[in-house]
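Below is one structure; the comments refer to it alone.
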Amino acid sequence: MEIGKSLRRLLDSIPGASSIFLTDRDGVIVLSVGEELRSRASLISSLQATQDQTGKLVMGRLT
């Protein structure tokens, strides 16, 4: 999959980064590269909370 290869190259180019998650607007992971995180559920929950708060600040939706 080309997107996966591109994300892997991007991940390898960022010092200290261990994973990249591509999610839909509801926070459901569509694709991921890198290390599996034990705290993956917490990360997704934080992303969803951030999206909700951004909407409340009238900054638009994160997409």
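Among the residues that make up region 40-61, is at least one of them modelled with pLDDT of 85 or more, of a type outside the set (Phe, Trp, Tyr) and outside any strand (DSSP E or B)?
Restricting attention to region 40-61, the residues satisfying the condition of being modelled with pLDDT of 85 or more are none.
Checked against the condition, which is being modelled with pLDDT of 85 or more, of a type outside the set (Phe, Trp, Tyr) and outside any strand (DSSP E or B), region 40-61 yields no hits at all.
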Inter-residue pairs, beta-carbon under 8 Å, first of a type in the set (Asp, Glu) and at pLDDT below 90 and in region 13-37, second assigned to a strand (DSSP E or B) and surrounded by 14 or more Cβ atoms within 10 Å (Cβ to Cβ), 6+ apart: Glu35/Ser19; Glu36/Ser19
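The values are calculated or read from the model by the stated rules, or taken from the named source; none is laboratory data. Bear in mind the structure is a predicted one, so any value in this text is a computation, not a measurement. Here Cβ is always computed from backbone atoms with ideal geometry, including for glycine, and neighbour counts include all displayed protein chains.
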